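Novice: Have a look at this one.
All of the numbers you see were taken from the coordinates with simple rules; none came from a lab. Please read these numbers as outputs of a predicted model, since none were measured by experiment. Cβ atoms come from the backbone with ideal geometry, glycine included; neighbour counts cover every protein chain shown.
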Amino acid sequence: MRIGIDLGGTKLEGIALSDAGVELARHRVATPRDYDGTLDAITALVRTLEHETAATGSVGLGIPGAVSPATGLVKNANSVWLIGKPLVGDLEARLARAVRVTNDADCFALSEATDGAAAGAPIVFGVILGTGVGGGLVVNGGCLQGPNLITGEWGHNPLPWPTPAERDGPPCYCGQRGCIETWLSGPGFERDYFAYTGRSWNARTIVAAAHAPAHASAHASAHDPAHDPAARDALDRYQHRLARALATVINVLDPFVIVLGGGMSNTAGLAEAVEARLGAWVFSDRVATRVVPNQHGDSSGVRGAAWLWPAAAG
């Protein structure tokens, strides 16, 4: 049996999978806002899953950050109470077994490459389009990780082939300007729409207004969005930018499949629209890379954490 734990900013989710990937048990609790509380909650979640299944499992954990190979301490975590802490060692001591920990975007990519939308593909790039923009790379069934533990961090490269209106770009929290994340995150999409309309709509409302029938009322509102040409234009710009950004990924990595995840990936028709545009920038006579929506949705992170162990334990 494999146990996967997904440590999110608001929820802590655990899953137990059989050797074949069948879900045996699942539980979700609120994420504590302190380090010791997080250790307690993860330990309790593992114990609950093992009690319910009457089995012992390997444990994998996905976190919004990384464990530094130089120090063994957590770095770059949105859950700031983890930063600088020996998370792996402390969990291994409490659970009396080895624990594998990696970035949650890697877990998403691994899940979809193992038994999701890209199952069996030799090279898979998993994309996160949410509050931020990240990704993970899976090669021959395993997460590819380099010495800096930043494989897949495509969101902090500049938006390629910028139009005159896109040059320089919005400031990014990383200290640069015009990062892909500032354009393709959910907040980036909302910012772009606001710049053209002055309306502070959330991403879901903008997408709904873009997809509403053209004959609907022109008096769109955030509460009852009707067809809005400005929303359609914003979505078109988003698709264009995502295609350009992913074309650079294909030019460097040449993945067989790109799987879209995160809140913006729920936009109907996004994968198909982006795949159709790639040929303008990919350095090839044809584009064989498939762009697909994810299969496991919110469950990909926790399933991928379980799959960090290629062979089940217990």
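Novice: GNM on the chain, C-alpha springs below 10 Å: top fluctuator among ALA20, ALA203, ALA243?
Specialist: ALA20
Novice: Spin-label point model (7 Å from Cα, Cβ direction): what's the ASP40 to CYS174 distance in nm?
Specialist: Spacing of the two 7 Å Cα→Cβ label points: 3.7 nm.
Novice: How big is the dipole moment of the chain about its Cα centre under a simple scheme where the beta carbon of each Lys and Arg is +1, that of each Asp and Glu is -1, and everything else is neutral? Debye, nearest 20, please.
Specialist: Details: 24 positive and 30 negative charges, 58 e Å.
Result for the chain is approximately 280 debye, rounded to the nearest 20.
Novice: In region 120-294, what % of DSSP beta bridges are antiparallel (nearest 5)?
Specialist: Values: 11 of 20 bridges.
If I count the DSSP bridges inside region 120-294, around 55 percent turn out antiparallel.
Novice: So which residue, out of GLY175, GLY37, GLY152, gets the largest mean-square fluctuation from a GNM of the chain using Cα contacts under 10 Å as springs?
Specialist: GLY175
Novice: What's the angle, to the nearest 10 degrees (0 to 90), between helix 35-53's Cα axis and the longest principal axis of the chain?
Specialist: The two axes meet at around 70 degrees.
Novice: While we're looking at this one, here's another question. In nm, what is the difference between 0.36 nm times the number of residues separating GLU52 and HIS27 and their Cα-Cα distance? Display every interim value, and only then the final one.
Specialist: On the way: separation 25, 0.36 × 25 = 9.00 nm, distance 1.04 nm.
Here the segment from GLU52 to HIS27 would lengthen by 8.0 nm.
Novice: Further, regarding this structure: Given the options ALA231, ALA16, ALA30, state which has the largest fluctuation in a GNM of the chain using a 10 Å cut-off (strictly under) for Cα springs.
Specialist: Sorting by GNM fluctuation, first place goes to ALA30.
Novice: Nothing charged except the Cβ atoms of Lys and Arg (+1) and of Asp and Glu (-1): what's the magnitude of the dipole of region 120-294 about its Cα centre? Round to the nearest 20 debye.
Specialist: 60
Novice: Compute the acute angle (0 to 90°) between the alpha-carbon long axis of helix 229-253 and the principal axis of greatest extent of the alpha-carbon atoms of the chain; round to the nearest 10°.
Specialist: Orientation of helix 229-253: about 50 degrees from the principal axis.
Novice: Ignoring trypsin sites (Lys or Arg not before Pro) that are buried or in helix or strand per DSSP, and keeping those with at most 11 other beta carbon atoms within 10 Å, what is the longest stretch of the chain between them?
Specialist: 1-166
Novice: Further question on the same structure: For region 66-73, take each phi angle, set θ = phi - 60°, evaluate the Karplus expression 6.51 cos²θ - 1.76 cosθ + 1.60, and give the result in whole Hz per residue in order, putting x for glycine and proline.
Specialist: 8, 9, 5, x, 7, 10, x, 9
Novice: Mind pulling the angle between the C-alpha long axis of helix 186-197 and the longest principal axis of the chain? Nearest 10 degrees, somewhere in 0 to 90.
Specialist: So the inclination is approximately 20 degrees.
Novice: Further, regarding this structure: Long-range amide H contacts for VAL101: which residues qualify at under 5 Å (H placed 1.01 Å from N, peptide plane, sequence gap of 5 or more or a different chain)?
Specialist: Excluding prolines and chain starts, which carry no amide H, the hits are LEU61.
Novice: Within a Cβ distance under 9 Å of GLY126, other residues only, what is the Lys/Arg minus Asp/Glu net charge?
Specialist: Details: positive: none; negative: ASP106, GLU112.
After counting each charged neighbour, the total is -2.
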